[in-house]
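*Asks:* What follows is a structure written as structure tokens; I'll ask about it next.
FYI, it's all coordinate maths here, none of it is from the lab. Keep in mind that what you see is a predicted model, and the values were worked out from it rather than measured. Cβ: placed from backbone, ideal geometry, glycine included. Neighbour counts: every protein chain shown.
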Ligand SMILES: [Zn+2]
């Protein structure tokens with residue numbers, strides 16, 4: 001398992017306490033770290049995760065092209 005350390009305090013990384021900001025709208029949202037790590041080429045700095053709304057819009061844009 002992985003955990004964070006903040007001033008000596010251990011913060012466990014769980015399925016429900018990892019957040020990111022959407023690269024499109026800037027909204028903070030929860031991510032499933034298991035999904036990201038399970039993607040094969042996990043890059044915790046370079047991975048952008050769109051929020052639900054933006055990923056839906058993105059899918060629409062792609063499918064209407
Ligand atoms: Zn968004």
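*Asks:* Hey, any hits in the range 32-52 for a residue that's out of contact with any strand residue (DSSP E or B) (no Cβ under 9 Å at 6 or more places or on another chain) and at positive phi?
*Replies:* yes
*Asks:* Can you tell me which residue in the range 16-65 is surrounded by the most Cβ atoms within 10 Å (Cβ to Cβ), limited to those that are within 11 Å of the chain's Cα centre (by Cα), within 13 Å of the ligand (Cβ to nearest atom) and assigned to a loop (DSSP other than H, G, I, E, B)?
*Replies:* Here the residue is 51.
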